[in-house]
Amino acid sequence: MRILVSFLPILAWSLLEQWIGRVPALAVGLGLGVGIAAYRWRRDTLVPFDLAVLGIVLTMGVAEIGWPATIGPWSGVLVNAGLAGYVAATVAVGRPYTMAYARMRTDPAYWDSPVFVRINRDISIGWVLMFTLLAVFQGFRTELFGPESLIPTILTIGLIAAAVAVSERYGDWAGARAASAEEEQA
């Protein structure tokens, strides 16, 4: 659920832009991003991904104001490509972004175990694939559904919700599977 809260700025922006316009929706997303980051910072639960989302929304807001005709139609592609790049970079440096969330609900004794790192790497790779799929999908949304359709927004929210659900369940499943394999070897 904490991962889903991290997406609220982008989800709010996606949902509201068709009703109130792109720039006001970005302002709402930016306000949510700042609010979430401040709340989590005060509670010492701020994760780097919260700042990445905030940075992407802020960057898109500045770009939208400066170059609305150029950036506007591609904002969904750019946001999802940026998120895919960020998550891929965390995997490449060996610190998958999901580890910050997993550490909030996992005993510290497991944090350095190869199984914990592998599970988070696998989940993060799944997120890279999902963001890449969303970037491609966003690139063709107008051709597929028309400029005013809500179907792309609904599909985007559905894919993010599915990725959150898989992230929540895969860690438990893979951890139990690894523990079972260790018991069989013993």
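Rule-based calculations on the coordinates, nothing more; no lab input. Since this is a predicted model, take the numbers as computed values, not measurements.
Helix 22-42 and the longest principal axis of the C-alpha atoms of the chain enclose an angle of approximately 30°.
When the helices of the chain are scored as -39500 (n - 2.57) per DSSP H run of n ≥ 4 and the total is divided over every residue, the value at 222 nm lands at -27500 deg cm²/dmol. Report, to the nearest 10°, how far helix 2-20 tilts away from the longest principal axis of the Cα atoms in the chain, using its own Cα long axis and a range of 0 to 90°. For 2-20 against the chain, the angle is about 10 degrees.
As a length-normalised measure over Cα pairs under 8 Å and 6 or more apart, the relative contact order of region 9-130 settles at 21 percent. Over all directions, the projected convex hull of the C-alpha atoms in the chain averages 11.4 nm² in area.
Using only Cα atoms, tell me the angle between helix 48-66 and the longest principal axis of the chain; keep it within 0 to 90° and round to the nearest 10. The angle comes out at about 10 degrees.
Between ARG22, ARG118, ARG105, the residue with the greatest mean-square fluctuation in the GNM of the chain (Cα pairs under 10 Å linked by springs) is ARG105.
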